[in-house]
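Quick note: the coordinates plus some simple rules give every number you see, no bench work behind them. Just so you know, these numbers come straight off a predicted model, no measurement behind them. Every residue, glycine among them, receives a Cβ derived from its backbone with ideal geometry; neighbour counts consider all protein chains shown.
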Amino acid sequence: MAFDSLTEKLQNVFKNLRSKGRLTEDDVKAALKEVKMALLEADVNFKVVKSFVKEVQERAIGQDVMNGLNPGQMVIKIVNEELIRLMGSETTEIKLQPGSAITVIMMAGLQGAGKTTTTAKLAGKFKLKGKKPLLVACDVYRPAAIKQLEINGEKQGVEVFSMGDKIKPADIAKAAMEHAAKNKNNIVILDTAGRLHIDEEMMAELQEIKEAVTVHQTILVVDAMTGQDAVNVASNFNDKIGIDGVIVTKLDGDTRGGAALSIKAVTGKPILYVGMGEKLSDLEQFYPDRMASRILGMGDVLTLIEKAGAEIDEEQAKKTMEKMKKAQFDYEDYLDSMSQMKKMGGLSSIMGMLPGMPGMGNKKMPELDSEENEKKMARMEAMIQSMTVEERRNPDLLNPSRKHRIAKGAGVDIAEVNRMVKQFNETRKMMKKLPGLMGGMGGKKGKF
Ligand code: GDP
């Protein structure tokens, strides 16, 4: 798994820090020296490591320790924030053309980086979002590339445009645009040829494609397992043809993680997605904050507390808590708790922060985060909104005819209403058992 050894080393550093009641400047410096070693061993770019450590040190030594945290936790908090910043802070979406205009995406990268596979994976993502992508086989040199794209395209249920290996890639791209316009495709993804090394010919060919058709997004695919080479490749491509973002593949097999950590800092271009396996579904959006908490690997309770403190409406949370304690939890509270959960970044991000709950590394987690789940949540909201105020406040009123009316109002079928009612009842039952536990939490910080 990616970052395993980095995570382990960082955890050791922090374990030592946390066992100290007070931190001296020397303690911080000694700890950061170890952080530096750990990052270098993870194959993070040397300059990036240097400025990272300097930044953390300046912040850690000058800063007051926040209420409720010990000095060791304060350092973890700063390292976490700086890691997030290093990876670009925000998640970057691939920018699409407005309305029904066609977005042209050119995929570039060295041979073997995973370009063809990633092209098909990406098409699947767009299809899920309701787009109609067209894959274009512009790799006319690698004999199996066209076939591979066709096979993967078929698996994804996405059309592949190819003209064999005798036509120039720029001409294939042009013909593909005509096809896309006729066929009402709104995204065209060009799978271009890679070479074993960066060479003039490859760059010239990409340039030629760019001159033949309007490319809106150039996405570079790099192999995480090549470490700093991947970063150099990214710099090179960016200088020569200009890239808009990077997809880092094979993160599943990379135990060091240096490429993922350095690319944004070195090239200024964001990581858009990461490849996590050979299957066509193994492509994940890149979230700098989740990646940071995964690297730190400490089930970041800290972030949970912080987010909870910052984003939850305190008064509302208190009211909900009071009701929970009295076991008067109703559908209005259920609705509130759902919107609070959304503010905190969804169920999976909360679970990833709890101690003992693995973050993204856990195979089950991505499911919780899926669009499917968000849709489910939206439907649950619709169902509750279809209830009368009376029904929301008095959950036991719901009888079959009321449930039918709610299903109709929310545009879902009755089975789904029944499922939601069941889930609500289970939550309510759980709440009844909770008062003691929650009381303890509420008393301590005056929040939650
Ligand atoms: P291209 O030459 O850049 O088009 O590379 P391919 O798409 O043919 O991929 C090269 C190899 O890498 C294939 O065996 C892929 O299955 C594999 N591959 C691609 N992406 C990933 C990934 O994220 N994880 C793993 N484990 N393998 C990958």
- prompt: When every alpha-carbon pair in segment 4-86 is counted, what percent end up more than 22 Å apart?
  reply: 17
- request: Take the cross-link list K33/K264; K9/K36; K129/K184; K115/K174; K20/K54; K132/K376 and give me the ones stretching past 18 Å between alpha-carbons.
  value: K33/K264; K115/K174; K20/K54; K132/K376
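Taking the mean number of other Cβ atoms within 10 Å as a proxy for protection, how do you rank 184-191, 284-291, 172-179 from highest to lowest?
184-191, 284-291, 172-179
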query: What are the aspartates and glutamates whose alpha-carbon lies under 13 Å from the alpha-carbon of K47, with same-chain residues fewer than 8 places away excluded?
result: E55
query: Can you work out the base-10 log of I(q)/I(0) for segment 190-273 at q = 0.13, 0.22, 0.27 1/Å, using the Debye formula on its C-alpha atoms alone?
result: -0.39, -1.06, -1.42
message: From the mean inverse distance of alpha carbon pairs (Kirkwood) and the Cα radius of gyration, derive Rg over Rh for segment 1-156.
response: 1.17
- line: Distance in Å, no decimals, from the C-alpha centre of segment 147-173 to the one of segment 21-42 is 51
- prompt: For segment 103-293, what Kirkwood radius comes out of the mean inverse Cα-Cα distance, in Å?
  reply: 16.4
